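Let me begin by presenting the structure, written as structure tokens, before commenting on it.
The values are calculated or read from the model by the stated rules, or taken from the named source; none is laboratory data. What you see is a predicted model; the values in this text were computed from it and never measured. No Cβ is skipped: glycine too gets one built from the backbone with ideal geometry, and neighbour counts run over all protein chains shown. Each accessible area value is taken on the protein alone, full model and side chains, heavy atoms only, with ligands, DNA and RNA left out. Shrake-Rupley method; radii C 1.70, N 1.55, O 1.52, S 1.80 Å.
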Amino acid sequence: MDKIKDTRSFMRITHRYLGYFLAGIMAVYSLSGILLIYRDTDFLKKEKKYDKVIEKNLDEKALGKELKIKGFEFEKTEGTILKFKQGTYNAVTGEAKYSKKELPFLLDKMTKLHKSQSKDTLSPLNAFFGISLFFFVISSFWMFNPKTKAFKRGIIFTIAGLIVSIILLFF
């Protein structure tokens, strides 16, 4: 019985203090997650103009990739100038003049939390956050005695959450 009490105590205390620690991280992740929902709109974005020299003689596909423009649409060619929705590109000189709508600096950095890869400097934070959230899932089952009504209702809500998530994955 003492081992069960020790485990419950450990889980509750760790859950509590890890929760306080992660509150700030969760606030940033939640705000950036909300921003990412609207990434296909211009919500909070400002237009930024670029004038730079890139590789010469790029085709349409390579140009869109090089300029990192989503929805890149080529319009027409006038001599050596390729015109596209966001600007122009001189194939001979490599000069590109274009504009992009981007989030302000801090908001852009926040959204990168969700997009990081294993090679990025943010990947350890993302892994820690994911592991911590998984610990929250597991440790929450030690918050109440399994014989209580609150625990039994918690199990029902957990199952309901799993079912809703799985159903939504298919839409």
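Hey, can you tell me all the residues within the range 21-57 that are of a type in the set (Ser, Thr, Tyr) and under 22 Å from the mean Cα position of the chain (by Cα)? Give the steps one after another, and end with the answer.
Initially, the range 21-57 is screened for residues of a type in the set (Ser, Thr, Tyr), giving 29-30, 32, 38, 41, 50.
Those that are of a type in the set (Ser, Thr, Tyr) and under 22 Å from the mean Cα position of the chain (by Cα): Tyr29, Ser30, Ser32, Tyr38, Thr41.
Taking the range 80-110 as the region of interest, how many residues are farther than 30 Å from Val28 by Cα and open to solvent by 80 Å² or more (accessible area, probe 1.4 Å)? Don't jump to the end; show me each part of the working.
First, pick out the residues of the range 80-110 that are farther than 30 Å from Val28 by Cα: 80-98.
Filter once more, keeping what is open to solvent by 80 Å² or more (accessible area, probe 1.4 Å): 85, 92, 97.
Number of matching residues: 3.
Checking the condition touching a residue at least 12 places away in the same chain (Cβ under 8 Å), on the phi < 0 side of the Ramachandran plot and out of contact with any helix residue (DSSP H, G or I) (no Cβ under 9 Å at 6 or more places or on another chain), which residue from Ser140, Ser99 passes? Don't jump to the end; show me each part of the working.
Working: Ser140 fails: out of contact with any helix residue (DSSP H, G or I) (no Cβ under 9 Å at 6 or more places or on another chain).
After applying the criteria, what remains is Ser99.
Among the residues of the range 62-73, which ones are within 15 Å of Asn90 (Cα to Cα) and of a type in the set (D, E, K, R)?
Glu66
Kindly indicate which of Thr121, Thr158 is among the β-branched types (Val, Ile, Thr), out of contact with any Pro (no Cβ under 7 Å at 6 or more places or on another chain) and surrounded by fewer than 11 Cβ atoms within 10 Å (Cβ to Cβ).
Thr121
So which residues in the range 102-137 are aromatic (Phe, Trp, Tyr) and in contact (Cβ under 8 Å) with a residue 12 or more places away in the chain, if there are any at all?
Scanning the range 102-137 gives Phe129, Phe135, Phe136.
Among the numbered criteria (1) farther than 30 Å from Phe129 by Cα; (2) among the hydrophobic types (A, V, I, L, M, F, W, C); (3) surrounded by 14 or more Cβ atoms within 10 Å (Cβ to Cβ), which one does Leu113 miss?
Tallying (1) farther than 30 Å from Phe129 by Cα; (2) among the hydrophobic types (A, V, I, L, M, F, W, C); (3) surrounded by 14 or more Cβ atoms within 10 Å (Cβ to Cβ), Leu113 fails exactly one: (1).
Provide a single number: the residues in the range 44-79 that are assigned to a loop (DSSP other than H, G, I, E, B), open to solvent by 60 Å² or more (accessible area, probe 1.4 Å) and touching a strand residue (DSSP E or B) at 6+ places or on another chain (Cβ under 7 Å).
Going through the range 44-79 one residue at a time, the tally reaches 1.
When you go through (1) out of contact with any helix residue (DSSP H, G or I) (no Cβ under 7 Å at 6 or more places or on another chain); (2) open to solvent by 60 Å² or more (accessible area, probe 1.4 Å); (3) touching a residue at least 24 places away in the same chain (Cβ under 8 Å); (4) not hydrophobic (A, V, I, L, M, F, W, C) one by one for Lys152, which number turns out not to apply?
Failing condition for Lys152: (3).
Tally the residues that are free of Cβ contacts under 8 Å to residues at least 60 places away in the same chain and either closer than 20 Å to His114 by Cα or among the β-branched types (Val, Ile, Thr) (or both), restricting the search to the range 7-24.
Matching residues across the range 7-24 total 4.
Among the residues of the range 25-33, is there at least one that is among the aromatic types (Phe, Trp, Tyr), under 30 Å from Ser140 (Cα atoms) and free of Cβ contacts under 8 Å to residues at least 24 places away in the same chain?
No.
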